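Written below as structure tokens is the structure these notes are about.
The values are calculated or read from the model by the stated rules, or taken from the named source; none is laboratory data. Predicted, not measured: the structure shown is a model, and the values here were computed from it. No Cβ is skipped: glycine too gets one built from the backbone with ideal geometry, and neighbour counts run over all protein chains shown. The accessibility values were calculated without ligands, DNA or RNA, using every heavy atom of the protein model including side chains. Shrake-Rupley method; radii C 1.70, N 1.55, O 1.52, S 1.80 Å.
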Amino acid sequence: MTNTASCPFHRSLPGDGTPLEPSPQLSEWRASGPLAPLDYQDGHEGLVAVRYDAATAVLQDPRFSMRPARMPVGPETVGGGTTESSAVPLELPGDLDATAHQSEQLNLLTLDGAEHAKLRRAAAPRFSVRQARSREPWIRAMVAEQIHQLRHRGPVVDLWRDFAMLISARTHCHVIGVPEQNFDTFVELFVEPSTAQQKYDFIRQLLIERKDSPGEDVITDLLANPELNAVEIEGLLRLLMGAGRDSVAYLIATAAVALLTNPSELAQLREDPERVGPAVEEFMRVGAMFVTLFARTALEDVVIDGVTVPAGTSVSASPVAANRDPQHWGADAEEFRVARDAFGHLGFGYGIHGCIGQQVARVEIREAITALLLAFPEVELLSAQQLEPMPFAHPVAVYEAGEVLVRLYRQSEQAHGRTVSAAH
Ligand code: HEM
């Protein structure tokens with residue numbers, strides 16, 4: 001016997017939580033069922049999967065579609081559904097030319113089945129575990145350079161802007177194949193606000209420049225792929241250049257805040273820096289940034305954990321809620337424990353749309369946190385915006401890092417000139 005999910009009253013996502021201490025509302029929803037009713041931005045009522053089993057069931061079931069026609073925009077911002085401006089600069093408005101308009105339809109996160117698989121297959125090889133491992137020396141050296149810069153900028157720095165954002169943008173360009181001389185333009189267009197057309201113009205110019213200079217990167221693979229046309233290549237690059245970069249920065253900053261506010265957990269990693277690698281999964285579990293993922297729509301009636309989701313219903317899965325489900329993680333699910341086996345968390349999503357960049361993201365987070373701890377034994381947290389509730393960063397309901405002020409060292413310590421490369 002199954003229940004049909006419906007709700008007599010309206011609910012928005014709670015905005016009173018923080019990344020490391022999500023709203024108690026989420027655990028109340030989890031206690032009352034696998035799926036909770038949720039308002040969507042266009043005014044209709046859908047669902048959010050809050051228990052681990054329900055969230056993974058939705059994310060791996062092809063009867064839930066990603067198509068935008070079936071995907072109303074998700075809930076937005078702090079509070080009861082009002083629109084507050086995001087702290088992250090959003091894309092500037094502007095018209096698109098006809099080709100760019102076609103490319104916009106080819107977003108991996110809005111495609112299903114064979115169309116999705118074709119584009120994902122084209123980009124996936126450069127994001128494999130093996131590829132991520134091969135990037136380790138480059139990432140380690142680049143992080144060491146950032147640590148060097150940080151030391152000079154210190155003793156007080158914003159770990160998010162002065163460290164995490166630089167590591168993620170540099171790695172992004174390295175993997176995708178944006179040459180060093182284009183880095184500043186990349187930042188202007190993809191980190192600062194710009195129009196979508198400006199981004200496409202940049203991508204097209206880059207493709208012309210890179211045509212005769214292949215390398216070990218995504219652009220080289222896409223240009224060499226006989227199955228792809230220009231519209232598909234440009235659409236894929238637009239997504240890849242924008243996706244994940246801020247997420248990596250967010251996770252580095254959030255992992256640092258989690259450690260600096262939990263001295264006993266920090267001490268464990270200081271004693272055994274090799275443990276930072278596996279601890280990345282715990283950073284991802286408790287620091288998951290997606291309160292909800294992109295909404296899916298049921299193509300037919302689907303039963304999830306005893307609840308019938310009627311055809312046409314929008315369903316978002318909540319990594320933040322699922323990652324703290326005591327039925328899956330145990331009674332201490334709310335606690336941050338660096339020694340926990342946290343593999344299987346939903347911080348990178350799950351199923352065929354699960355994060356394509358997760359292997360390289362793991363390397364970035366591990367290298368950044370390892371280097372930070374080794375280089376600055378006395379680092380202390382002064383303040384972190386993310387310890388207070390903030391507006392969600394965009395309509396899918398994503399936490400953002402905000403300023404993370406730390407004191408890296410006491411003035412006298414700098415004289416020792418300890419560097420991460422010496423410590424490695
Ligand atoms: C810590 C860092 C990251 C986090 C937390 C993260 C999170 C996620 C999540 C949760 C999804 C699934 C969305 C859904 O199912 O609705 C996703 C998908 C995706 N991510 Fe990431 N991501 C990260 C890094 C990256 C990086 C470095 C890239 C590289 C370009 C990237 C590119 C993508 C792409 C292209 C998709 C869509 C995949 C598809 O639909 O097949 N992400 N990411």
Practice prompt. Filter the helices (runs of 4 or more DSSP H) completely within region 270-353 down to those with at least 2 residues that are crowded, with 24+ Cβ neighbours inside 10 Å and out of contact with any Pro (no Cβ under 9 Å at 6 or more places or on another chain).
Written response: 276-286, 319-322
Worksheet entry | Options ASP217, ASP212; residue that is touching a residue at least 12 places away in the same chain (Cβ under 8 Å) and either open to solvent by 30 Å² or more (accessible area, probe 1.4 Å) or acidic (Asp, Glu) (or both) | ASP217
Worksheet item: Could you say which residue among GLY330, GLY306, GLY344, GLY351 is closer than 24 Å to MET66 by Cα, away from the ligand (no atom under 16 Å from the Cβ) and more than 13 Å from the chain's Cα centre (by Cα)?
Response: GLY306
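Please enumerate the residues belonging to region 234-250 that are of a type in the set (A, V, I, L, M, F, W, C) and within 15 Å of GLU115 (Cβ to Cβ).
Listed by number, the residues that qualify are LEU236, LEU239.
It is to be established whether one or more residues within region 162-169 are of a type outside the set (A, V, I, L, M), within 16 Å of the ligand (Cβ to nearest atom), open to solvent by 10 Å² or more (accessible area, probe 1.4 Å) and under 17 Å from the mean Cα position of the chain (by Cα).
no
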Response to the item:
When region 131-144 is checked residue by residue, the ones that are in a helix (DSSP H, G or I), touching a helix residue (DSSP H, G or I) at 6+ places or on another chain (Cβ under 9 Å) and of a type outside the set (A, V, I, L, M) are GLN131, ARG133, GLU136, TRP138, ARG140
Worksheet item: Does any residue in region 353-374 that is under 13 Å from ALA249 (Cβ atoms) and of a type in the set (A, V, I, L, M, F, W, C) come within less than 6 Å, Cβ to Cβ, of a residue that is open to solvent by less than 20 Å² (accessible area, probe 1.4 Å) and within 6 Å of the ligand (Cβ to nearest atom) six or more places away or on a different chain, and which pairs are these?
Response: ALA361/VAL248; ILE365/LEU251
Worksheet item: Which is modelled with pLDDT under 85 and closer than 25 Å to GLY242 by Cβ, of PRO19, PRO89?
Response: PRO89
Discussion item. Need the failing condition index for ALA256 against (1) among the small types (Gly, Ala, Ser); (2) under 20 Å from ASP112 (Cα atoms); (3) in contact with a helix residue (DSSP H, G or I) (Cβ under 8 Å, 6 or more places away or on another chain), just the number.
Written reply: (2)
